[in-house]
Amino acid sequence: MVAESSQAQIDALLARLNPPQQEAVTHGDGPLLIFAGAGSGKTRVLTARIAYLIASRRVWPDRLLAVTFTNKAAREMRGRVEALVGEGAEKMWVGTFHSTAVKILRREAQRIGIRSSFVIFDEDDTRAALKRVLDELRLDPSGRRTSPTAATRTRSCAACTSHTKRRCAARAGSTSTI
Ligand SMILES: Nc1ncnc2c1ncn2[C@@H]1O[C@H](COP(=O)(O)OP(=O)(O)OP(=O)(O)O)[C@@H](O)[C@H]1O
Ligand SMILES: [Mg+2]
């Protein structure tokens with residue numbers, strides 16, 4: 001049973017849409033693909049559907065997730081949802097694939113044994129970190145070992161089985177000579 005004020009809200013919402021858009025917005029359970037051209041009213045449908053789910057199905061805004069490809073699209077989506085839904089819209093999950101995934105990872109970090117303050121490296125950070133590791137291990141990027149001790153150790157390891165080789169490498173790592 002939908003309250004009178006909500007029904008008025010829903011009627012106003014649907015009045016802004018053409019019949020195919022109304023059909024999409026009022027679609028029942030299960031997945032729905034909206035396949036339409038540029039500027040044809042897809043975002044209007046998505047934002048109206050969000051407002052419709054909140055008004056007619058009493059879905060909590062924080063149980064709704066809207067994912068976009070770009071930050072610009074996410075900003076636009078949030079702005080348009082806020083204009084339609086008003087208070088409560090800020091509780092909704094609206095973001096790009098990346099920002100949404102990071103938000104989930106930070107929230108659930110403890111469950112997978114990582115710190116929620118983890119840092120994501122961009123390409124420059126990754127290169128700098130790899131360079132530091134190579135420097136510390138005294139390896140040059142071509143893979144040659146520059147430490148004479150390491151070279152000797154590698155030669156002596158050449159005859160090892162892969163199992164003992166791993167152990168040699170682990171032992172060498174613990175003394176920081178490789
Ligand atoms: N049924 C409608 N009646 C009047 N205006 C509409 C209707 N549907 C969409 N519009 C208007 O048309 C414009 C384009 O709509 P919308 O942004 O939803 O399209 P889109 O398909 O998401 O566009 P894009 O491909 O650029 O993402 C907007 O200004 C929107 O308000
Ligand atoms: Mg759009």
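Derivation of every value follows stated rules applied to the coordinates shown; laboratory data play no part. Values in this document were obtained by computation on a predicted structure and should not be read as measured data. Here the Cβ positions follow ideal geometry from the backbone for every residue, glycine too, while neighbour counts run over all protein chains shown.
Annotation: amide H of Val94 within the under-5 Å range of Ala66, sequence separation 5 or more or interchain, hydrogens built in the peptide plane.
The local environment of Phe118, defined by Cβ-Cβ distances under 13 Å, has a net charge of +2 under the rule Lys, Arg +1 and Asp, Glu -1. Across the range 4-94, Cα-Cα pairs farther apart than 23 Å form 18% of the total.
With Cα atoms defining each centre, the range 74-105 and the range 34-49 are spaced 17 Å apart in the structure.
In percent, rounded to a whole number, the relative contact order of the range 4-94 is 28, using alpha-carbon pairs under 8 Å and six or more apart. For the range 1-61, a crude dipole built from +1 on the beta carbon of Lys and Arg and -1 on the beta carbon of Asp and Glu, taken about the Cα centre, is about 200 debye to the nearest 20. On the beta carbon distance between His27 and Trp93, with R0 = 25 Å, the FRET formula returns roughly 0.80.
Between Asn18 and Asp62, the FRET efficiency from the beta-carbon distance, with R0 = 25 Å, is close to 0.25.
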